[in-house]
Amino acid sequence: ILNVEQSPQSLHVQEGDSTNFTCSFPSSNFYALHWYRWETAKSPEALFVMTLNGDEKKKGRISATLNTKEGYSYLYIKGSQPEDSATYLCAFYGNQFYFGTGTSLTVIP
Amino acid sequence: GAGVSQTPSNKVTEKGKYVELRCDPISGHTALYWYRQSLGQGPEFLIYFQGTGAADDSGLPNDRFFAVRPEGSVSTLKIQRTERGDSAVYLCASSPGRNREQFFGPGTRLTVL
């Protein structure tokens, strides 16, 4: 079983603040890194699929970077809004998918 | 078009019983994944189908768990002789191909009494 670690485990920010969190994964046998957003009572929803070292992807106020050599990815949210409140999961794809336990984000109005 | 659907949404059973959980993927998606999610944990990989065949079943915890996808579309996860430790949310996801983004169903919450 591989270790895919996410930090922090939970985070509370004020509306309008920018925030970021980390996903750490093994640097060997890397195939892809996925980010998913999971709102309570809904299904996980894909944000990004990243495959190349140095990849940067952006969707609206959310962006992500990837460093496969050192085994980490950052997810950034600019100007957090209450609707950003969710659990953000990363998944490392080597021989199979390994999900982290997620970062639970709460944006306080 | 319709997303991934899973039935039932909730299943309560007694220890020792047999259960079947169904997943209807997005039409045309060749890849299908089953995960199990316990409280406070991220989804745990169980099995991956590419078409009709199980390309990777290394995540199935033991031989009480089995999954099929006979026509390359709908999949059924089967659990024999259920145990209380099998209680979890079972998630299904489909994808247009290996390593493409996955589209998740709403999950089936299984409770074994």
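Each reported figure results from applying straightforward, stated rules to the coordinates on display, with no laboratory input. Computed from a predicted model, the values in this text were never measured in an experiment. In this analysis, Cβ positions are derived from the backbone assuming ideal geometry, glycine residues included, and neighbour counts consider all displayed protein chains.
Once you keep just the Cα pairs under 8 angstrom separated by 6 or more residues, what percentage relative contact order results for chain A? All intermediate terms of the calculation are to be shown ahead of the outcome.
Numbers: 272 pairs, mean separation 41.5, N = 109.
So the answer I get is 38 percent.
Taking neighbour counts of Cβ atoms within 10 Å as a proxy for exposure, in what order, fewest first, do B:11, A:78 appear? Provide the component values of the computation, followed by the final result.
Details: B:11 19, A:78 14.
So the residues, fewest neighbours to most, are A:78, B:11.
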Fully extended contour minus Cα-Cα distance, from residue B:84 to residue B:15, at 0.36 nm per residue = 24.2 nm
query = Using the C-alpha gyration tensor of the protein assembly as shown, what are the square roots of 5 times its eigenvalues, in whole angstrom, with the largest one first?
reply = 30, 20, 16
message = I need the phi-derived Karplus couplings for segment B:40-45: 6.51 cos²θ - 1.76 cosθ + 1.60, θ = phi - 60°, integer Hz, Gly and Pro marked x.
response = x, 10, x, x, 9, 4
note = Simple SL model, points at 7 angstrom along Cα→Cβ for residue B:109 and residue B:74; separation in nm is 2.5 nm
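Nearest 0.05, what FRET efficiency do residue A:74 and residue B:58 give at R0 = 30 Å with Cβ-Cβ as r?
On the way: r = 30 Å, r/R0 = 0.99.
The computed FRET efficiency comes out at 0.50.
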message = Please give me, ordered by residue number, the chymotrypsin sites (Phe, Trp or Tyr not before Pro) of segment B:18-49 that lie in loop per DSSP and have at most 16 other Cβ atoms within 10 Å.
response = B:18
key: Spread of Cα-to-Cα distances over 5 Å intervals beginning at zero, given as percent, for segment A:38-109   = 3, 14, 24, 27, 18, 9, 3, 1, 0
key: Extension reserve of the residue A:12-residue A:52 stretch, reckoned as 0.36 nm per residue once the Cα distance is removed   = 11.3 nm
remark   = At the level of C-alpha centres, the distance separating segment B:19-37 and segment A:67-109, in angstrom, is 23 Å
inquiry  = In segment B:7-43, whose amide N lies under 20 Å from the spot 7 Å out along Cα-to-Cβ of residue A:41? List them in ranges.
reply    = B:7-11, B:39-40
query = Normalised by the number of residues in segment A:51-103, what is the relative contact order in percent for Cα pairs under 8 Å and 6+ residues apart?
reply = 21 percent
